[in-house]
1. Could you compute how much accessible surface Thr79 exposes when probed at 1.4 Å, giving the result in Å² to the nearest 10?
2. How much area per residue is accessible in the chain when the probe is 1.4 Å and only protein heavy atoms are counted (Å²)?
3. Would you mind listing how long the stretch 49-91 runs along its three principal axes, going by Cα atoms, in whole Å with the largest first?
4. When all alpha-carbon pairs of the stretch 208-333 are counted, what percent fall beyond 17 Å?
5. Could you work out, for the stretch 81-144, what percent of all Cα-Cα pairs fall into each 10 Å distance bin, beginning at 0 Å and stopping at the bin that holds the largest distance?
6. Whenever you get a sec, compute what percent of the accessible area on the stretch 79-220 sits on carbon and sulfur atoms (1.4 Å probe).
7. Based on the Cα atoms of the stretch 280-348, what semi-axes does the equivalent ellipsoid have, where each is the square root of 5 times one gyration tensor eigenvalue, given in whole Å with the largest first?
8. Relative to the longest principal Cα axis of the chain, at what angle does helix 232-241 sit, 0 to 90 degrees, rounded to 10?
Amino acid sequence: MKRPASLPALRIVFAVLALAGTAAAPAMALSDDPVAVPAPNPERERMNARVFDTVWNAVRRQYYDPNLHGVDWRAARETWRPQAVAAPDDRVLYRALSAMLDLLDDEHAGAVSPAVARRQDAVRTRRAVMGVTLVRQDDDLWRVESVRSGSPAEEAGVEPGWVLQSVDGQAWGVDFDVEDGRTLRLALTDETGAARQVSVLPRIMDPIPAFSVDASRPGVVVLRVEGFEAGLGRWLGERLAQLPAETDVILDLRGNPGGLLLEADAALSCFLPARLEWATRISRAGRPITLAVMPGCGSLEGPVANDVALLVDGASRSAAELTPAALQEAGRALVVGEHTAGSVLISQDSPLPDGGRLSLSRADYVTAAGVRLEKRGVEPDILIVRSPEDRRAGRDPALEAAIAVLALDPEAQRARAAVRGPSL
């Protein structure tokens, strides 16, 4: 079918924040405790008002659900606009905006400050990093999801599973910029609840590649995808074209926050036949548009025949959920790992007057089988939970399980997929 003209502008929004600068910041709620803050100057008030009104009007006019999930949006404006306009800085302003957007109960609806937008834009550039990827745990608390090898954070002894309490005495927030050579003091608690005070000196490091290949194991290639970014389909096609049919393919989407819808379609075209219907998106007006596989897998003339498994976890979101869902429903791949996030509405970014950015859901999404994955996620065929102890010890039970199941004959693979549960 013809590709809708609006699709290139659509993207699936991220929901993981990284001190290494690998994704966007999720919304943060205001504290219930009142805090005395100085009044902003008139220029700041005017900009605050412009930013707030831009966000409020965009939701009212463009949000995919015209009923806004039953939220009284005018009442929300009366509650949050005075606080936003009076905000003395970006931290207070964006907390007010985020608290209002939280009423929609939609992880794709979020506003990020200019500092966070700059971090997003610099994600694939050489820059100052700490090397810690964080996942929001509760309000201002963030769990260390992973620590980059060779990074300042690793050298300082930070470990996965620890919880970040504060940076330089403040909750990690929208106005932090990581700078080369400026030491940051992290207050953390380890897995036992013990306090850990760590000083980390950020330094310039090369970016983590968006896509990478691990062919170190015989008969298996692991294709790691950090995000559904421009060029993914072409890259996959180039890698897959080099493989013999007997080589097993493992697509690692763990921690992948999503990205471009067109690149999800391109990735699917590497494994599914052209014109196969794989999803439906539903616009604000309620009009369904069927998504069918379109050519986009580089120079490959058709889908590859290799056996395929996908690795996912609780931080796999958006495009990193709809892709395994489509391949799983088509019986084309096994999904191994943890239950995914259930955050798959189709969203679009737009700039805010102060240089910040608004992400807003513009369409609903259901799979070809009619399953709405929002708030539900993808259930793995083989459930594997990777613990912080596994990470510290360098163990990867999900990858090991995927390699093991792909080594089975096709009938045994199908039988294993039919019994969803723990590993082999």
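The values are calculated or read from the model by the stated rules, or taken from the named source; none is laboratory data. Being a predicted model, the structure only gives us computed values, none of them experimental. With ideal geometry, Cβ positions are generated from the backbone for all residues, glycine too; neighbour counts draw on all protein chains shown. When the accessible area is computed, the model is the full protein with side chains, heavy atoms only, and any ligands, DNA or RNA have been set aside. Shrake-Rupley method; radii C 1.70, N 1.55, O 1.52, S 1.80 Å.
1. 70
2. It amounts to 43 Å² per residue over the chain.
3. Between the extreme Cα coordinates on each principal axis of the stretch 49-91 lie 32, 17, 15 Å.
4. 55
5. P(r) for the stretch 81-144, in whole percents per bin: 17, 42, 34, 7.
6. 48
7. 22, 19, 10
8. 20
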